[in-house]
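The structure appears right after this line, and notes come after that.
Every number here is computed from the coordinates shown, using simple stated rules; none is lab data. This is a predicted model, so every value here is computed, not measured. We place every Cβ from the backbone using ideal geometry, glycine too, and count neighbours over all the protein chains shown.
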Amino acid sequence: MSLQAYDITVARGGIAVLEGVSLTLKPGKAIVLRGPNGIGKTTLLRTIAGLQSPLRGRIEGAAESRVYAGHADGIKPTLTVGENLAFWAAVFGRSNISAALTAFHLEPLAARPAGALSAGQKRRLGLARLLVTGRPVWVLDEPTVSLDLQAVDMFAAAVRVHLAQGGSALMASHIDMGLDEADVLDLAPYRARATALHDFDEAFL
Amino acid sequence: MIALLVRDLRLAMRAGGGFGLGLSFFLIVVVLVPFAVGPRPDLHASIAAGILWLGALLACLLSLDRIFALDWEDGSLDLLVTAPLPLEGVVSLKALAHWLTTGLPLVLAAPVLAVLLNLPTAGVVPLIGSLALGTPALSVIGTFGAALTVGIKRGGLLLSLLVLPLYVPVLIFGAEAARRGAEGQDYMTPLMMLAGITCGTIALLPFASAAVLRVTLR
């Protein structure tokens with residue numbers, strides 16, 4: 001299940017931030033997006049995940065194959081770790097959460113309310129959600145934020161297993177997580193030139 | 001789909017879920033009204049139907065901003081939109097969960113609280129009937145309002161202003177059915193109108209709510 005983006009322009013708050021971005025993500029491959037704060041990594045990822053549409057250009061590949069993980073983990077503090085994962089598994093039509101718990105060493109915490117977890121543990125739970133969805137294309141925004149070195153290794157291992165199974169991953173990250181097989185895409189050359197918009201929204205910007 | 005409903009109900013029941021919020025507000029309003037208007041049982045009997053309906057409507061309004069705001073804050077809403085569920089189904093289930101945790105308890109509590117307001121016995125059945133028919137419309141309309149204001153910090157005021165005008169027809173026909181029942185008149189006509197409004201909102205508004213959510217999440 002490959003993902004292709006052709007010459008897309010993405011906008012945040014109605015203003016283009018990146019233009020002319022093209023990328024191809026084949027099964028078994030990973031791409032790491034790099035670029036300074038504010039260049040539009042999150043906007044690009046949200047566009048590819050299907051949360052917003054690009055201003056120009058087109059994205060090919062089934063939207064149903066992608067799963068998005070953003071800055072927020074989508075965790076309910078009053079549900080336990082196991083209940084949170086079981087809910088997302090059920091939403092995606094699956095039921096087995098034990099592999100995801102094992103991959104991120106969450107079994108000892110499975111019965112604990114998610115509100116009682118530390119920031120790093122919450123992030124691990126958010127990443128474990130990717131495994132229970134069973135979708136092949138991961139679209140990840142800063143997946144390693146608040147993870148310690150050991151957990152970063154855990155995450156890198158999970159990504160490697162995912163790639164080996166024919167999945168793929170597109171992620172924005174500032175740190176080197178030791179994924180040598182990942183291609184790096186520097187977004188700095190794609191920064192959009194300041195252009196006036198010619199549509200109705202312009203009056204409100 | 002069922003998992004979403006189960007999760008919402010479970011969240012509502014746990015600490016800080018706001019399950020009793022609407023119900024306790026309803027109780028407070030109904031208990032305080034007799035103190036405010038004075039010890040006049042005949043007056044209580046004549047205003048009871050209206051007060052009970054108004055209390056139920058405001059109690060419903062109180063918990064609307066929780067429908068989407070909490071899911072928006074913790075990122076669940078983004079993930080639900082990209083999940084393999086139709087968004088129209090998601091908003092319908094959210095409305096159903098809101099009705100089960102807010103509307104249904106109000107319907108069940110109304111006959112007990114009606115005694116406090118000296119509602120004539122003949123009016124109890126039409127009151128329950130009109131509330132049972134009308135509160136689903138309140139939840140569905142409220143879900144639409146919540147979808148419009150999701151992402152706005154402290155959008156509660158805006159939500160109330162947007163939703164209240166849409167609540168007026170429900171209040172008019174609901175309270176009219178309950179009042180006519182209490183006075184021993186025929187109450188079928190307003191009850192039918194109320195049922196029509198409820199059916200219409202349930203059939204149409206989920207599509208509007210889903211479309212609005214897609215725009216606000218962009």
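Among A:26, B:153, sorting on how many other beta-carbon atoms sit within 10 Å of each Cβ, with the fewest leading, yields B:153, A:26. Sparse packing (at most 15 other Cβ atoms within 10 Å of the Cβ) combined with a DSSP loop state is found for the following trypsin sites (Lys or Arg not before Pro) in region A:42-97: A:94.
In the protein assembly as shown, the DSSP beta bridges split such that about 45 percent are antiparallel, to the nearest 5. Springs between alpha-carbon atoms under 10 Å, Gaussian network over chain A: tell me which of A:108, A:54, A:77 tops the mean-square fluctuations. With Cα springs under 10 Å in chain A, the top fluctuation among A:108, A:54, A:77 is at A:108.
Listing B:100, A:170, A:33, A:163 from fewest to most neighbouring C-beta atoms within 10 Å gives B:100, A:163, A:33, A:170.
Arranged from fewest to most other beta-carbon atoms within 10 Å of their beta carbon, B:60, B:199 become B:199, B:60.
For region B:19-216, the dipole from Cβ point charges (+1 on Lys and Arg, -1 on Asp and Glu) about the Cα centre works out to 180 debye, to the nearest 20.
Select from B:45, B:184, B:211 the residue farthest towards the positive end of the dipole of region B:19-216; place +1 on Cβ of Lys and Arg, -1 on Cβ of Asp and Glu, and compute about the Cα centre. Positive-most Cα among the choices belongs to B:45.
In the distance distribution for the protein assembly as shown, Cα-Cα pairs more than 36 Å apart total 38 percent.
Among the listed pairs A:26/A:76; A:41/A:122; A:26/A:122, a Cα-Cα separation exceeding 24 Å is found for A:26/A:76; A:26/A:122. Would you mind telling me which residue in B:180, B:66, B:14 has the biggest mean-square fluctuation in a Gaussian network model of chain B, where springs connect alpha carbons within a distance under 10 angstrom? Result for chain B, Cα springs under 10 Å: B:14 fluctuates most.
Rounded to the nearest Hz, the phi-derived 3J(HN,Hα) couplings of region B:146-156 under the Karplus curve 6.51 cos²θ - 1.76 cosθ + 1.60 (θ = phi - 60°) are 5, 5, 5, 9, 5, x, 8, 5, 6, x, x, where x marks glycine and proline. Computed over chain B with a Gaussian network model linking Cα atoms closer than 10 Å, the most mobile of B:37, B:140, B:90 is B:37. Taking all pairs of distinct Cα atoms, average 1/r, flip it, and tell me the Kirkwood hydrodynamic radius of region A:69-192 in Å to one decimal place. The Cα-based Kirkwood calculation yields 15.0 Å. Scaled against 2.2 N^0.38 Å for its residue count N, the alpha carbon radius of gyration of chain B is 1.04. Between A:125, A:8, A:110, the Cα set farthest toward the positive side of the dipole of the protein assembly as shown (charges on each charged residue's Cβ, about the Cα centre) is that of A:110. Distances between placed amide hydrogens fall under 5 Å for residue A:56 paired with A:9, all partners being 5 or more residues away or on another chain.
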